[in-house]
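One structure is given here, and the rest of the page talks about it.
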Amino acid sequence: MTAMPKWADAVLVPLISLLIAFVISGLVIFAIGEDPIAAMKLMVSGALGSTYGWGYTLYYATNFIFTGLAVSIAFQAGLFNIGGEGQASIGGLGVALCCLYIPWPHWSLALMGAVVAAAVFGAAWAAIPAYLQAKRGSHIVITTIMFNFIASAVLVYVLVNVLRPTGSMDSSSARFDEVMHLPSLHDVLALVGIPFNNRNPANISLVIALVACVGVWILMWRTRLGYQLRAFGKSEKASVYAGINPVRITMYAMLLSGGLAGMMAVNTVMGEGQRLILNSVEGAGFIGIAVALMGRSHPVGVLLAAILFGFLYQGGAELALWTKIPRELIVVIQALVILFTGALDDMVRRPVERVFVMLQKGKT
Amino acid sequence: MDFATLIQILDSTVRLATPLLFACLAGLFSERAGIFDIGLEGKMLAAAFLSAAAAAVTGSVWLGVGAGIFASLMLSGIHGLASITFRGNQLISGVAINFLASGLTVLLGQTWFGLGGRTPPLTGDARFGPITLPFADALAPVPFIGPIYAELISGHSALVYLAIACVPASAWILYRTRFGLRLRAVGENPAAVDTAGVSVNGIRFAAVAICGVLCGLAGAYLALGLAAGFGKEMTAGRGYIALAALIFAKWRPWYALGATMLFGFLEAVGNRFPNIDLGLFVLPSQFMQALPYVLTVVILAGFIGKAVPPRAGGQPYVKER
């Protein structure tokens, strides 16, 4: 059954899965008494019809690139990191501490500091489940789920009892200093003369996300460590036989994964919020799973899938604004994408394979 | 803490543990047959929604329960299709089911009732009332035994007693029947069961269906017993707590009762005393909320007894070699 060319496996199968997910979503919209075609048009014009819409789309996409890459690296190493949500919220704590307590002279230095803090905090939160998996064989899926809940309890505690300014009723941290304000995408693109809307949260973090994509690609396909990670994911036994240390690789994979998930917080906490609020992650950690599955755990695929989900997010917000379709439609679409590109992959793949086998027989 | 407070806390422990117990036993059947199920949360949520919706429309609590079980079974069907028939990743399928339930419940709730995802509040016959056991009123004035019988043991809804009854029933099915032996064998060594001429996929589908029914009861109890109607995301992580309890219980029915009661007790104490003053320092309420998860991680790490999952868990069975 190797009749299927590589491109079909990498592009055709996910596209067909995506199409099925969209058709079912359309049926859902139809079933609740709305017009799917009109909804689609509204989503496209709302998310991609103006630079304002694009700004939001890219802002969301930035989050999903980070969490998508995080899940991808773990997937490549054969691990399922479902804890992106917790790692990102602890990463946000790192960003907030770094921005609140260090008097940075300039935003660029603060940005570098925040990226490091976010990555370190995120990685630290992934380190315990990783260690327990590597050393004691505790199932990483369960431990990372548990750590999501523990993270949310920790965050509530820290926000309410430590970071909340005295007298404030809001459970959020104080605002960061003006110096810490990151340049928006409007400012960045103005440097090269491209006009872009300035009333949207897209900011320079997008550039960091793109750099992260390239970095992950170089790491996974051009370095020894990346090779070891992928070999470990393909066959643990073979890689151990080849002298790869399973404990080390599990730790590296999860630390990288947690660090990337944590870096998402630079975009939300520093780029948009300028303060730490409860639930700044808003489920982006889980969307990373859909993005990684859709993007076949490859940085290029992750980038495209993240933009697609950014579009869905912004389009969904527009739908909720102008029609009676609630925002939760996006959650349904997300579920269907995960279902068809992840769990029901075989259902799509088998018929496609059969078609290719038939085509080959026809040739010879 | 006086005696009356203790009785109150234990009373609410029993009520809070009931949905966990149903869900934990649900996960037990599924995972003992080798099908990991992190979709307990989603199934409970879908069941809670549809049971509340059906009860609100028909006014009958039992029709509500039926609808809840139906919703949960539908999702179980998807999980079975993905993880048994198409040999997909069971964890990913579970994640998808959780999101599907989380999105669809609000989407449908908003369309049907227009209350921002809630169902209309339930009253009268549309929700479970307390059942007073015989002699409860007569025994109530008796010191010590009276309050225990009248308040702690009597006066719960039908599903609470059903949940408790499910524990010996599950233990009996799993350890004393042919079906139970096969179910456990499928989770440990499916090839051996196949060699004996028993359909591995058949047993697994049966296990997933039982899981669906029990999750349906868990969700129905949440919406019709514990609360009066459905609210957005009302399961609030209980499916994951049940999963944690399952590991805590080392995949055994009687231990499941103990684990869910413990987690129910933690929740009851957390509700009653948000911040616990220990004299030296104050335990914040967030600590109590996080405790079940921390305990589960500790158990998983093998520091207090080792929890060994069924050996063939998570792997789809491929017949031909």
Candidate set: segment B:269-284, residues that are modelled with pLDDT under 75 and within 18 Å of B:Thr5 (Cβ to Cβ); chosen: the one least open to solvent (accessible area, probe 1.4 Å): B:Ile276
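With A:Ala119, A:Ala110 as the choices, which residue is open to solvent by less than 20 Å² (accessible area, probe 1.4 Å) and at negative phi? I'd like the intermediate steps shown before the answer.
Working: A:Ala119 fails: open to solvent by less than 20 Å² (accessible area, probe 1.4 Å).
After applying the criteria, what remains is A:Ala110.
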Pairs, first more than 8 Å from chain B (Cβ to nearest Cβ) and under 19 Å from A:Glu34 (Cβ atoms) in segment A:315-342, second charged (D, E, K, R) and crowded, with 22+ Cβ neighbours inside 10 Å, C-beta under 9 Å, six or more apart: A:Gly316/A:Glu328; A:Ala320/A:Glu328
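Condition check: farther than 17 Å from A:Ala305 by Cα and at pLDDT 85 or above. Does A:Ile20 satisfy that? Explain how you work it out, then say what you get.
Details: farther than 17 Å from A:Ala305 by Cα: no; at pLDDT 85 or above: yes.
It is false that A:Ile20 is farther than 17 Å from A:Ala305 by Cα and at pLDDT 85 or above.
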Index of the failed condition, A:Gly94 passing every other in (1) within 27 Å of B:Asn275 (Cβ to Cβ); (2) within 14 Å of another protein chain (Cβ to nearest Cβ): (2)
Every residue from segment A:341-363 that is within 19 Å of A:Phe64 (Cα to Cα) and either open to solvent by 10 Å² or more (accessible area, probe 1.4 Å) or not assigned by TED's automatic domain parsing to the domain that holds A:Lys6 (or both): A:Gly342
Any chance A:Val179 is more than 10 Å from chain B (Cβ to nearest Cβ), modelled with pLDDT under 85 and part of a helix (DSSP H, G or I): yes
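Looking only at helices (runs of 4 or more DSSP H) that lie completely in segment A:290-364, which have at least 1 residues being at pLDDT below 85?
Working: elements: A:299-322, A:329-338, A:345-363.
Because the criterion is at least 1 residues that are at pLDDT below 85, the helices (runs of 4 or more DSSP H) in segment A:290-364 that meet it are A:345-363.
Among the residues of segment B:227-261, which ones are over 30 Å from B:Leu107 (Cα atoms), open to solvent by 60 Å² or more (accessible area, probe 1.4 Å) and either small (Gly, Ala, Ser) or in a helix (DSSP H, G or I) (or both)?
Taking segment B:227-261 and keeping what is over 30 Å from B:Leu107 (Cα atoms), we get B:245-261.
When the remaining residues are screened for being open to solvent by 60 Å² or more (accessible area, probe 1.4 Å), the result is B:252, B:254-255.
Hits for segment B:227-261 are B:Trp254, B:Tyr255.
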Selected residue [within 14 Å of chain B (Cβ to nearest Cβ) and open to solvent by less than 10 Å² (accessible area, probe 1.4 Å)] from A:Leu312, A:Leu293, A:Leu229, A:Leu276: A:Leu312
Selection count where residues are open to solvent by 80 Å² or more (accessible area, probe 1.4 Å) and either under 19 Å from the mean Cα position of the chain (by Cα) or of a type in the set (A, V, I, L, M, F, W, C) (or both), scope segment B:154-184: 2
Condition broken by A:Ala3, with the remaining ones in (1) in a helix (DSSP H, G or I); (2) open to solvent by less than 30 Å² (accessible area, probe 1.4 Å); (3) modelled with pLDDT under 90 satisfied: (1)
Total residues in segment B:240-281, condition at the interface with chain A (Cβ under 10 Å from one of its Cβ atoms) and more than 24 Å from B:Trp172 (Cα to Cα): 2
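Residues are listed down the side, and each one gets a yes or a no for (1) more than 14 Å from chain B (Cβ to nearest Cβ); (2) surrounded by 24 or more Cβ atoms within 10 Å (Cβ to Cβ); (3) under 18 Å from A:Phe309 (Cβ atoms); (4) aromatic (Phe, Trp, Tyr):
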residue: A:Thr51; (1), (2), (3), (4): yes, no, no, no
residue: A:Trp54; (1), (2), (3), (4): yes, no, yes, yes
residue: A:Tyr60; (1), (2), (3), (4): yes, yes, yes, yes
residue: A:Thr67; (1), (2), (3), (4): no, yes, yes, no
residue: A:Ala74; (1), (2), (3), (4): no, yes, no, no
residue: A:Gly78; (1), (2), (3), (4): no, no, no, no
residue: A:Ile82; (1), (2), (3), (4): no, yes, yes, no
Residues of segment A:140-160 satisfying the condition of being within 7 Å of chain B (Cβ to nearest Cβ) and either touching a Pro at 6+ places or on another chain (Cβ under 7 Å) or outside any helix (DSSP H, G or I) (or both): A:Thr143, A:Tyr157
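Look through B:Gly77, B:Gly39, B:Gly88, B:Gly34 and report the one residue that is within 13 Å of another protein chain (Cβ to nearest Cβ), surrounded by 24 or more Cβ atoms within 10 Å (Cβ to Cβ) and over 16 Å from B:Phe128 (Cα atoms).
Working: B:Gly77 fails: surrounded by 24 or more Cβ atoms within 10 Å (Cβ to Cβ); B:Gly88 fails: surrounded by 24 or more Cβ atoms within 10 Å (Cβ to Cβ); B:Gly34 fails: within 13 Å of another protein chain (Cβ to nearest Cβ).
Exactly one of B:Gly77, B:Gly39, B:Gly88, B:Gly34 is within 13 Å of another protein chain (Cβ to nearest Cβ), surrounded by 24 or more Cβ atoms within 10 Å (Cβ to Cβ) and over 16 Å from B:Phe128 (Cα atoms), namely B:Gly39.
The values are calculated or read from the model by the stated rules, or taken from the named source; none is laboratory data. Because the structure is predicted, anything quoted here is derived from the model rather than measured. Using ideal geometry, Cβ is built from the backbone for each residue, glycine included, and neighbour counts are taken over all protein chains shown. Calculation scope for accessible area: heavy atoms of the full protein, side chains included, ligands and nucleic acids excluded. Shrake-Rupley method; radii C 1.70, N 1.55, O 1.52, S 1.80 Å.
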